Amino acid sequence: QVELRLIAEISQDEAMLSAFTAGHDIHRATAAGVYGVSLDDVTADQRRNAKTVNFSIIYGAGATNLSRQLGIPRGEAKELIENYFAQYKGLKKYMDETVEFARDKGYVTTLIGRKRSLRDINSRNSLARSNAERMAINTPIQGTAADMIKIAMINLEKEMIKAKFKSKMILQVHDELVFDVLRSELDDLKPLVEEKMRMALPDLKVPILVE
């Protein structure tokens, strides 16, 4: 859930930040807000729908797309999205302000300042423009997640060389790292990996979990 944690951080949405800080299941917490029930009363279907909404929203999905994904009428999907933004007002504010920033500047940045230019953000072609708007919303999130894993890898390699580990970091898969570990080094390497991944960006309010 790195990307959801990062959107909570970037948008500074209070409800989302507090759910992560309290250690709640974010999909259950979202379902409780969207469907107006208590955390304990959330059904498996409601949680599954909320999970789809959580991930769809950060990719800029609208009611039509969401209704297709969930197999529900468009009107119901529209209501879900409205309830979602009523719960996470800071998230809606972030999305609107980010698109405005992109229209004005022609680019967006990740948390550490890496830029992505968006040449179609003011295009007269509505399809090109809406694609650029989705990129504007999503790039700071996905881009920051990508920055985090690369920073973790760089910091880890430095520490592994310094400590003369024989174990090797061999592969990155999205937000996961794969190691070939000498058994005798496992107890020393594991906490180092967890620390460097968790603290890749040390000034975040939202907790980053490493498993």
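The values are calculated or read from the model by the stated rules, or taken from the named source; none is laboratory data. Keep in mind that what you see is a predicted model, and the values were worked out from it rather than measured. Cβ coordinates were reconstructed from backbone atoms using ideal geometry, including for glycine residues, and neighbour counts include every protein chain displayed. For the accessible areas, the whole protein counts, side chains as well, though only heavy atoms, and no ligand, DNA or RNA atoms are used. Shrake-Rupley method; radii C 1.70, N 1.55, O 1.52, S 1.80 Å.
Some values worked out for this structure:
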| item | result |
| --- | --- |
| Spin-label model distance (nm) - Leu39 vs Glu79, 7 Å beyond Cα toward Cβ | 2.6 |
| Extended-chain gain in nm, criterion 0.36 nm per residue less alpha-carbon gap, Lys168 and Ser123 | 11.5 nm |
| Across Lys51/Lys205; Lys89/Lys190; Lys51/Lys89; Lys150/Lys205, pairs whose alpha-carbon gap is larger than 27 Å | Lys89/Lys190 |
| Cα centroid separation - the range 44-75 against the range 14-34, whole Å | 17 |
| Protection proxy ranking, peptides 48-54, 90-96, average beta carbon neighbours within 10 Å, highest first | 48-54, 90-96 |
| Paramagnetic label zone (point 7 Å from Cα along Cα-to-C-beta, Arg68; backbone N under 15 Å) in the range 123-152 | 127, 131 |
| Calculated FRET value between Ser184 and Phe101, using beta carbons and R₀ = 45 Å, to 0.05 | 0.30 |
| Kirkwood hydrodynamic radius of the range 1-121, from inverse mean 1/r over distinct Cα pairs, in Å | 15.2 |
| ³J(HN,Hα), Karplus 6.51/-1.76/1.60, whole Hz, each residue of the range 193-206, x for Gly, Pro | 4, 4, 5, 5, 6, 5, 9, 4, 10, x, 9, 7, 6, 7 |
| Assigned charges on the beta-carbon of Lys, Arg, Asp, Glu; the chain dipole about Cα centre (debye) | 780 |
| Per-pair calculated FRET efficiency, R0 = 30 Å: Asp203 and Lys93 via Cβ, rounded to 0.05 | 0.90 |
| Positive-pole candidate from Ile112, Ser126, Leu156, dipole of the range 91-157, charges at beta carbon | Ser126 |
| The range 1-158: relative contact order as a whole-number percent, Cα under 8 Å and 6+ apart | 22 |
| Average projection area in nm² (convex hull over Cα atoms of the range 103-211, one quarter of hull surface) | 8.4 |
| Nearest 10 degrees, 0 to 90: helix 2-11 Cα axis against the chain principal axis | 60 |
| The chain, helix-only ellipticity at 222 nm - DSSP H runs n ≥ 4, -39,500 (n - 2.57), divided by all residues, nearest 500 | -20000 deg cm²/dmol |
| Computed over the range 9-59: relative contact order in percent, which uses C-alpha pairs under 8 Å that are six or more apart | 28 |
| Cα convex hull of the chain, projected area averaged across orientations, nm² | 13.7 |
| Per-residue SASA entry for Leu171, accessible area with 1.4 Å probe, Å² rounded to 10 | 90 |
| Solvent-accessible area per residue for the range 44-120 (1.4 angstrom probe, square angstrom) | 58 |
| Sequence-distant residues sharing a close amide H with Tyr107 (under 5 Å, placed H) | Leu118 |
